[in-house]
Amino acid sequence: MQSTTENKKTPYASSRNACKLCAPLGASVVFKGIEGCVPMIHGSQGCATYIRRYMISHYKEPVDIASSNFSETTTIYGGNRNFIEGINNVIRQYSPQVIGIATTCLAETIGEDVNALVAEYKQANEENPLLPVFIHASTPSYQGSHMDGFHEAVYAAVATLADKNTKSGAHINLFPGFVSPADLRNLKEMLTVSGIEYVLLPDYSASLDNPFWKDYHLVPEGGTPLNHIRMTGGARASIEFGTILNKGALTGRIRKTKTITTAGEWLEEHCDVPNHRMRMPIGIDATDHFIETIETISGKKITEKYKLQRGRLVDSYIDGHKYVFGKKAIVIGDEDMVSGLVSFLSEIGIIPVIVASGGESGLLKEEIEAVVEDPSHIQVMNGADFESIREVIQETKPDLLIGSSKGYYIARELGIPLIRVGFPIHDRVGGPRMEHLFYSGAQQLFDRIVNALLEYKQEHSPIGYKYM
Ligand code: SF4
């Protein structure tokens, strides 16, 4: 079997329009998916502002993120005083159940020992009845992307709270990764109507996609309850969506000291909860695998509704295949998301010619080779930035680009459709309502892709046509 080619980067001094986001941003999304949690960025205020800016633009919701607001003095003498003042302010203003702390590049560089700061704070305030739970995710962006921050925060929540003595053996832990609120709602509905007990972490399906409020809610409703996170230690099994997760930290350019990096692994090691890891369930093949796995673990069948969804999806593949078969796509995004998308594209006959991610795991090429029959035509770019993608893209003559809004200027330059997926979607409404997972997500993606290609054809037809 011929293998994919791996892009060798031409040397240049810096990233140009990075194809990844900052690690505390990923952690903040997780913290917004924990009930009663207020995220606090330990570091400079600009970092919190950038994160809020991105999240507000995508989710179209108010997003409160506190900051310990480092200054020049803090950088030299340490952030102890700012940390205490920041925590006091957050408790006074929000009365949170949880404060999720993510450290910035600067706090990590000067070696802030957040665990010690938390321990000192708790000791000094042990009489305070409003003392929240603290979860700390170590998130230096120079050692990873938003995805590393995301998985680190899920890991930190579980490692802080999971209790082996809550053993009920009835429920399944689900760690879905960085997907949309709509994907989370679909997952919860599928399990609920099928009578399968679960703990979902994180769950920002409501907190980052609120109904209309008349009055401002300082801490939005929704999120995984704390007692559910404690119960992860007594689950029947865990399921993690994604095969790369933050494992790249062990195998790629970046090295971490710990060998266990995900929540599922931690629970397997400390609480004897078996961990099942699988590709993102995008498309029929990966969704079938998820459903088979969950049926086997739970001993329950997923309801008929989903078989009908699958049937309709197959029918639509038959109806639409002539419009997509043989088309060439560029796929850009998080490593696990692009690997899931490539698997889906392969089943509908679209040829991915460039698969690029800002993730630096070094594992992406192997993952792509595992999901396509003939990987010889695919150029895989790990640790890519948008300029390096742009430089190699022209010669591939793609028909469409699949990725976040950040791919817009490349799609515009090439004059091809951009199918917006993942995060961030800055230039459209509905990012939180976009589906990617399961049969319904594949249906949405398929319809959007076919219609974008048809629209392109209509617009570029010299005569125009009304019927397909
Ligand atoms: S300095 Fe680091 S933590 Fe702050 S916004 Fe930039 S990448 Fe994120």
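The values are calculated or read from the model by the stated rules, or taken from the named source; none is laboratory data. None of the values given here were measured: they were computed from a predicted structure. With ideal geometry, Cβ positions are generated from the backbone for all residues, glycine too; neighbour counts draw on all protein chains shown. Side chains are part of the model used for accessible areas, which takes the heavy atoms of the whole protein and leaves out ligands, DNA and RNA. Shrake-Rupley method; radii C 1.70, N 1.55, O 1.52, S 1.80 Å.
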*Can you name the condition, by its number, that D163 falls short on among (1) of a type in the set (D, E); (2) closer than 17 Å to G242 by Cα; (3) out of contact with any Leu (no Cβ under 8 Å at 6 or more places or on another chain)?*
(2)
*Evaluate the range 173-188: report whether one residue or more is without any contact (Cβ under 8 Å) to a residue 40 or more places away in the chain and open to solvent by 10 Å² or more (accessible area, probe 1.4 Å).*
yes
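How about the range 14-32: which of its residues are open to solvent by less than 30 Å² (accessible area, probe 1.4 Å) and either without any contact (Cβ under 8 Å) to a residue 40 or more places away in the chain or among the hydrophobic types (A, V, I, L, M, F, W, C) (or both)?
Those that are open to solvent by less than 30 Å² (accessible area, probe 1.4 Å) and either without any contact (Cβ under 8 Å) to a residue 40 or more places away in the chain or among the hydrophobic types (A, V, I, L, M, F, W, C) (or both): C19, L21, C22, A23, L25, A27, V29, V30, F31.
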*Given the conditions (1) of a type outside the set (G, A, S); (2) at pLDDT 95 or above; (3) open to solvent by 50 Å² or more (accessible area, probe 1.4 Å); (4) within 16 Å of the ligand (Cβ to nearest atom), which single one is not true for D163?*
(4)
*Across the range 266-300, which residue is most open to solvent (accessible area, probe 1.4 Å) among those that are among the β-branched types (V, I, T) and under 20 Å from Y439 (Cβ atoms)?*
T296
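Which one of these is in contact with a Cys (Cβ under 8 Å, 6 or more places away or on another chain) and not in a helix (DSSP H, G or I): G383, G358? Walk me through it before giving the result.
On the way: G383 fails: in contact with a Cys (Cβ under 8 Å, 6 or more places away or on another chain).
Result: G358 is the single residue among G383, G358 that is in contact with a Cys (Cβ under 8 Å, 6 or more places away or on another chain) and not in a helix (DSSP H, G or I).
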*For Q93, which of the numbered conditions (1) open to solvent by 60 Å² or more (accessible area, probe 1.4 Å); (2) more than 16 Å from the ligand (Cβ to nearest atom); (3) closer than 17 Å to G149 by Cβ fails to hold?*
(3)
_Against the definition (among the aliphatic types (A, V, I, L, M) and either at pLDDT 95 or above or outside any helix (DSSP H, G or I) (or both)), how does I402 come out, yes or no?_
yes
*Report, ordered by the first and then the second residue, all pairs with beta carbons closer than 6 Å, sequence separation of six or more or different chains, a first member in the range 33-61 that is within 10 Å of the ligand (Cβ to nearest atom), and a second member that is part of a helix (DSSP H, G or I) and open to solvent by 10 Å² or more (accessible area, probe 1.4 Å).*
I41/C47; G43/L106; S44/L106
*Of everything in the range 96-109 that's at pLDDT 95 or above and hydroxyl-bearing (S, T, Y), which residue is nearest to the ligand (Cβ to nearest atom)?*
T104
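Could you identify the single residue in T139, T75 that is within 16 Å of the ligand (Cβ to nearest atom) and in a helix (DSSP H, G or I)?
Working: T139 fails: in a helix (DSSP H, G or I).
The unique qualifying residue is T75.
Give me the residue from the range 120-131 that is in a loop (DSSP other than H, G, I, E, B) and among the hydrophobic types (A, V, I, L, M, F, W, C) and, out of that set, surrounded by the fewest Cβ atoms within 10 Å (Cβ to Cβ). Break it down stepwise before answering.
Filtering the range 120-131 down to residues in a loop (DSSP other than H, G, I, E, B) leaves 125-131.
Applying the additional criterion that residues be among the hydrophobic types (A, V, I, L, M, F, W, C) yields 130-131.
Values: L130: 10, L131: 14.
Of everything passing the filter in the range 120-131, L130 is surrounded by the fewest Cβ atoms within 10 Å (Cβ to Cβ).
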*For L117, which of the numbered conditions (1) open to solvent by less than 50 Å² (accessible area, probe 1.4 Å); (2) part of a helix (DSSP H, G or I); (3) within 14 Å of the ligand (Cβ to nearest atom) fails to hold?*
(3)
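Can you tell me which residue among Y408, Y465 is without any contact (Cβ under 8 Å) to a residue 24 or more places away in the chain, surrounded by fewer than 22 Cβ atoms within 10 Å (Cβ to Cβ) and farther than 22 Å from Y323 by Cβ?
Values: Y465 fails: farther than 22 Å from Y323 by Cβ.
Selected residue: Y408, the only one of Y408, Y465 that is without any contact (Cβ under 8 Å) to a residue 24 or more places away in the chain, surrounded by fewer than 22 Cβ atoms within 10 Å (Cβ to Cβ) and farther than 22 Å from Y323 by Cβ.
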*Mind listing just one residue for me: the one in the range 340-385 that is at pLDDT 95 or above and among the hydroxyl-bearing types (S, T, Y) and, of those, surrounded by the most Cβ atoms within 10 Å (Cβ to Cβ)?*
S357
